[in-house]
Each structure stands twice: as structure tokens, then as C-alpha cells.
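A.B. asks: Submitted below is the structure of interest, expressed as C-alpha cells.
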Amino acid sequence: MDYYIIIAALIFLAAIFGFINARFLKLPTTIGLMLITIVYTLAVFALSYFDDTLLKAEIQLIKEIDFEKVLMDYMLSFLLFAGALHTNFEQLKVQRWPILAFATLGVLVSTFLVGSFVFYVLQLLGMEVDFIYCLLFGSLISPTDPIAVLGILKKAKVPKKLETKIVGESLFNDGVGVVVFLTIFGIASAKDSPVTPVDILTLFGQEVLGGILLGMIIGWITYKMMKSIDDFSTEVIITLAAVMVGTVLATQLHLSAPLAMVVAGLLIGNDRVRTAAMSETTEHYVDKFWELIDILLNAILFVLIGMEMLILTYQNSYLLAGVIAIPLVLISRYISLWLPIRVFKDKLDFVLKTNLIMTWGGLRGGISIALALSLSEDMHRDMFLVMTYIIVVFSILVQGLTVEKLVKRTSLSKAD
């Protein structure tokens with residue numbers, strides 16, 4: 001199928017579903033689009049009992065799209081840069097140590113806990129799955145998704161201090177989580193030549209530290225170029241080139257493109273850099289351009305997530321494992337956040353029930369699905385993909401719709 005037709009079909013669906021949401025449901029875009037797409041997909045399934053023409057066409061469209069490649073190699077860099085560009089750098093700087101702890105220690109602890117819980121649950125369900133594959137599942141489901149988090153938290157009116165922690169953690173734990181996944185994936189795949197601790201440290205250091213360094217270099221070059229001219233159209237194009245070229249460089253050098261784009265976005269979006277490098281007109285156009293990119297790619301992404309239902313392998317044991325995994329993932333996240341919150345709680349004046357809100361507000365999204373799609377068949381890809389999908393849908397539809405109520409209830413209990 002022609003790529004132009006695929007893109008046109010996705011944008012058409014995103015536009016129609018977005019219109020239905022804005023006109024009738026009035027839900028946050030992320031939640032509304034995914035809910036409508038799921039309902040639409042279920043309707044296609046129901047219609048297939050009478051005429052399967054539309055179902056076959058939809059399946060053909062989805063199979064033509066390499067979701068993992070589209071998200072991880074193309075869309076993610078744009079979405080992370082856009083998110084970082086509009087993040088409060090000064091608040092992030094104040095909260096840097098707990099955010100760093102959440103994004104590193106939190107991901108590692110959660111990976112081990114989820115992997116361990118799931119290993120024993122699968123044993124009880126009569127499914128023999130190696131522990132290393134359960135750890136692999138733990139690594140792909142532990143990072144929170146900044147794409148899902150950013151859109152929903154803006155609507156939930158979460159206190160700014162807490163919003164910075166959740167958003168900052170999501171921006172960074174995404175890159176760290178991908179590196180952890182790749183490391184465990186390498187161990188699980190290396191049957192003839194086992195991976196050594198040195199190999200793990202080398203990969204982690206290269207991907208994480210190299211990605212951060214590349215992001216700083218790209219951000220600095222972009223700043224110097226924008227500072228030397230005053231032409232808003234050219235400066236918008238410079239930011240676009242920074243993301244596209246930066247992603248290519250990161251991929252070629254085997255560095256973390258997500259972390260590179262987060263760092264570049266934070267540097268360019270910093271108030272001091274904005275004041276020094278951008279006129280008021282340029283700042284307006286740069287912000288609006290990246291807001292539009294963010295909205296468009298988000299719409300396409302969550303339509304794609306909903307349509308992935310068409311190619312899942314539905315088995316009762318997979319569905320049951322996915323439902324059981326929901327509370328296990330939430331418990332693991334709560335435990336993984338406990339130590340960093342205890343350490344920094346008094347020093348940085350955390351809001352009431354920080355752990356509870358961060359646990360419930362830490363949403364999973366397209367990144368987890370993309371990583372699950374990259375698993376091989378011998379890693380129980382079909383089962384873990386169904387489990388991941390169930391957790392993502394619950395995360396966005398249930399947690400996303402109720403996080404605002406949780407924040408309000410917490411605020412009321414504090415007032416009482």
C-alpha cells in the first residue's frame with residue numbers, strides 16, 4: 001500500500017475521531033481518541049460477522065505500518081522535543097535529584113518487581129515462561145509514557161510541583177527504560193555469547209551519557225544559530241532540523257535519541273535561552289509550531305494504538321494474565337517510588353500523597369506497545385503484547401479519567 005494513502009487514512013481517522021470527541025465527548029484528546037478508536041475497532045469486529053470486507057482492509061492497513069519503527073525511530077523524537085520545549089526548566093532544575101532517582105532507580109526496581117510478580121503469576125496460570133523474559137516485560141511496562149502523561153496532566157490541574165516531577169520523570173525514564181529494555185533484550189538473545197557486566201555498563205553509558213551529551217551539543221548549536229538571526233520562519237525550520245538531524249545522528253552513533261531530544265528541547269525551551277535567542281514573534285511561532293506537531297502526532301499515535309487491537313492474538317489465558325498484571329504493575333510502581341520520595345520528601349516539600357498520585361498518574365502508552373512489538377516469537381511476543389495492551393488501555397482510560405478526581409480528593413483531605 002502506498003505510504004501517502006496510509007498517512008492520509010490515519011489523518012482522516014484522527015480528524016473524524018477528534019471531531020467526535022471535541023463535539024460530543026469533550027474528553028482529553030488522548031483519552032477521547034483512544035476510546036473512540038477502540039469502539040470503532042469493536043464495531044468493525046462486530047460488522048465482520050456479516051461482512052468482513054472492512055475488517056480485512058483495516059488489518060491490511062495496520063500490517064503495512066511497522067508501529068515499533070514508526071514510533072521509536074520517527075514520532076518519538078518529535079513528541080519528546082515538543083514536550084520538553086514546553087516544560088518549566090527552572091522547576092525541573094529544582095526537582096532534578098528526585099526526578100533522576102525516579103527515572104533510574106525507580107525504573108530498575110520496578111522492572112525487577114514486575115518481572116518477579118509476573119513470573120510467579122504465569123507459573124500459577126500454568127504457563128512456563130523463563131524469568132529473563134518476564135524481566136523483559138517488566139522493563140517495557142515500567143517506564144511511564146510522557147506522551148500520554150503530558151496531555152492528561154494539563155487537564156487534571158495537578159499541583160505544579162508534582163506535575164514537574166511526573167512530567168520530568170516521564171521525559172527521562174522513557175529513554176532510560178528503552179536502554180534497560182535493550183540491555184535485557186541483549187541478555188535474553190545472547191545464547192552463544194553471554195553478555196558480561198562490562199558489556200551492560202558500556203551499553204548503558206554509551207546510550208544514556210552519549211544521548212545526553214549529543215542533546216546538549218544540538219541544543220547549544222541550535223541556540224547559537226537562532227541567536228545570530230532574527231527571522232521566525234528560518235528559526236522554526238532550524239528547530240525542526242535539530243530534531244531530525246539529531247535523531248539520525250543518535251541512531252547512527254548508537255546513542256539514545258529520546259534522551260538527546262529531551263535534553264535539546266529543555267535547553268532550547270529554557271527561559272534564558274528564549275530571551276537571548278528568540279524575539280517575541282519567533283517565540284510565538286516556535287511554540288505554536290511544536291504545539292501543532294505535538295497535537296497531530298498524538299492524534300495519529302492514539303488512533304494507531306486503538307487499531308492495534310485488530311492484530312492481537314486473543315487467548316483467555318493471555319487476557320487473564322493481563323488483567324492480573326494491572327494491580328501488580330501499580331504496586332511495583334508504588335514501591336519503586338517509595339525510597340526516592342522518603343529521601344527527598346522533607347527537603348523539597350512534596351505535596352500530600354505524592355506517591356499515590358505519581359503511581360496513579362504514571363500512565364503507560366505507545367512506547368510500551370512498541371517495545372512489546374519488537375519481541376521475538378520465542379520471547380512469548382503474543383502473550384506479552386496482549387498483556388501490555390490491556391495495561392495501556394486501563395492506564396489511559398481508567399487512570400487517565402480518574403487522576404483529576406484523585407488530585408481533588410487529596411486536596412480536600414489536606415484542607416480538612
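A.B. asks: So, taking all protein chains as they sit and a 1.4 Å probe, how much accessible area belongs to M72, in Å² rounded to tens?
C.D. replies: M72 has an accessible surface of roughly 30 Å² with all protein chains in place.
A.B. asks: On a straight-distance basis, which aspartates and glutamates could pair with K56 in a cross-link, Cα separation under 15 angstrom, same-chain partners fewer than 8 positions away excluded?
C.D. replies: Correct list for K56: E64, E308.
A.B. asks: Where does region 1-42 land on the Kirkwood hydrodynamic radius, alpha-carbon pairs, in angstrom?
C.D. replies: 10.7
A.B. asks: Can you tell me the mean projection area, over all orientations, of the convex hull of region 125-180's alpha carbons? Units nm², please.
C.D. replies: 5.2
A.B. asks: Please list log₁₀ I(q)/I(0) at q = 0.06, 0.07, 0.09, 0.10 Å⁻¹ for the chain, using the Debye equation with identical point scatterers on the alpha-carbon positions.
C.D. replies: Treating every Cα as an identical point scatterer, log10 I(q)/I(0) equals -0.24, -0.32, -0.55, -0.68.
A.B. asks: For the charge dipole of region 304-416, defined by +1 on Lys and Arg C-beta atoms and -1 on Asp and Glu C-beta atoms about the Cα centroid, which residue among W360, L397, G322 has the Cα displaced farthest towards the positive pole?
C.D. replies: W360
A.B. asks: Please compute the length gained on full extension between Q206 and D378, using 0.36 nm multiplied by the number of residues separating them and subtracting their Cα-Cα distance.
C.D. replies: 59.1 nm
A.B. asks: Tell me, what is the 1.4 Å probe accessible area of H86, in Å² to the nearest 10?
C.D. replies: 80
A.B. asks: May I pose another question? Any idea what log10 I(q)/I(0) is at q = 0.19, 0.29 Å⁻¹ for region 261-309, Debye with uniform C-alpha scatterers and no solvent?
C.D. replies: Rounded to two decimals, the profile gives -0.70, -1.05.
A.B. asks: Still on this structure, I have one more. Using the Kyte-Doolittle scale, which helices in the chain average at least -0.5 and also have C-alpha atoms spread 27 Å or more along the helix axis, with helices defined as whole DSSP H runs?
C.D. replies: Numbers: long enough: 29-48 (28 Å, 2.00); 160-189 (42 Å, 0.86); 197-227 (44 Å, 1.06); 232-252 (30 Å, 1.55); 280-307 (41 Å, 0.81); 316-344 (43 Å, 1.46).
Counting only whole DSSP H runs, the qualifying helices are 29-48, 160-189, 197-227, 232-252, 280-307, 316-344.
A.B. asks: Pop out the Kirkwood hydrodynamic radius of region 157-270 from its pairwise C-alpha distances, inverse of mean 1/r, in Å to one decimal. Could the numbers behind the result be given before it?
C.D. replies: Values: mean 1/r = 0.0639 Å⁻¹.
For region 157-270, inverting the mean 1/r across all distinct Cα pairs yields 15.6 Å.
A.B. asks: So, one more: Please give the FRET efficiency for V343 paired with A46, using the beta carbon to beta carbon distance and R0 = 35 Å, rounded to the nearest 0.05.
C.D. replies: 0.10
A.B. asks: Additional query: Grab the DSSP H runs of the chain that are 4 residues or longer, score each as -39,500 (n - 2.57), total them, divide by all residues and round the 222 nm result to the nearest 500 deg cm²/dmol.
C.D. replies: So the helix-based figure for the chain works out to -25000 deg cm²/dmol.
A.B. asks: Protein chains only, probe 1.4 Å: how do Y285, Y389 rank by accessible area, largest first?
C.D. replies: Numbers: Y285 105, Y389 15 Å².
Greatest to least solvent exposure: Y285, Y389.
A.B. asks: Counting pairwise Cα distances across region 259-392, what percent come out greater than 23 angstrom? List each step's numbers first, then the result.
C.D. replies: On the way: 5144 of 8911 pairs.
Roughly 58 percent, rounded to a whole number.
A.B. asks: So what is the diffusion coefficient of region 215-299 in µm² per second by Stokes-Einstein at 20 °C and 1.002 mPa s, using a Kirkwood Rh over Cα pairs?
C.D. replies: 165
A.B. asks: If the limit is 18 Å between Cα atoms, which of K93/K408; K160/K405; K93/K347 go over it?
C.D. replies: On the way: K93/K408 27 Å; K160/K405 16 Å; K93/K347 14 Å.
Checking Cα-Cα distances, K93/K408 exceed 18 Å.
A.B. asks: Rule-of-thumb check for region 330-380: C-alpha Rg over 2.2 N^0.38 Å?
C.D. replies: Taking N as the residue count of region 330-380, the ratio is 1.59.
A.B. asks: I want to verify a result. In a Gaussian network model of the chain, Cα cutoff 10 Å, which of these has the top mean-square fluctuation: V180, V109, V121?
C.D. replies: So, out of V180, V109, V121, the one fluctuating most is V121.
A.B. asks: Right, something else. Top mean-square fluctuation among L54, L153, L339, Gaussian network model of the chain, C-alpha springs under 10 Å?
C.D. replies: The residue that fluctuates most here is L54.
A.B. asks: Probe 1.4 Å, all protein chains in place: accessible area of S189 in Å², nearest 10?
C.D. replies: S189 exposes around 60 Å² with every protein chain in place.
A.B. asks: Springs between alpha-carbon pairs under 10 angstrom, Gaussian network model over the chain: which of S116, S376, S336 fluctuates most?
C.D. replies: For the chain, modelled as a Gaussian network with Cα springs under 10 Å, the answer is S376.
A.B. asks: Assuming R0 = 30 Å, what is the FRET efficiency of Q60 and Q315, from their Cβ-Cβ distance, to the nearest 0.05?
C.D. replies: According to the calculation, E is roughly 0.80.
A.B. asks: Still on this structure: Could you give the dipole magnitude of the chain about its Cα centre, charging the beta-carbon of Lys and Arg +1 and that of Asp and Glu -1, in debye to the nearest 20? Write out the running numbers ahead of the final one.
C.D. replies: Numbers: 30 positive and 35 negative charges, 346 e Å.
Around 1660 debye, computed over the chain.
A.B. asks: Report, to one decimal in Å, the Kirkwood hydrodynamic radius for region 98-228 based on all distinct Cα pairs.
C.D. replies: Over region 98-228, the inverse of the mean reciprocal pair distance is 16.8 Å.
The values are calculated or read from the model by the stated rules, or taken from the named source; none is laboratory data. Only a predicted model underlies this, so the values are computations on that prediction, with no experimental measurement involved. Quick reminder, even Gly has a Cβ in these numbers, built from the backbone with ideal geometry, and neighbours come from all protein chains shown. These area figures cover heavy atoms from the full protein model, side chains too; ligands, DNA and RNA do not enter into them. Shrake-Rupley method; radii C 1.70, N 1.55, O 1.52, S 1.80 Å.
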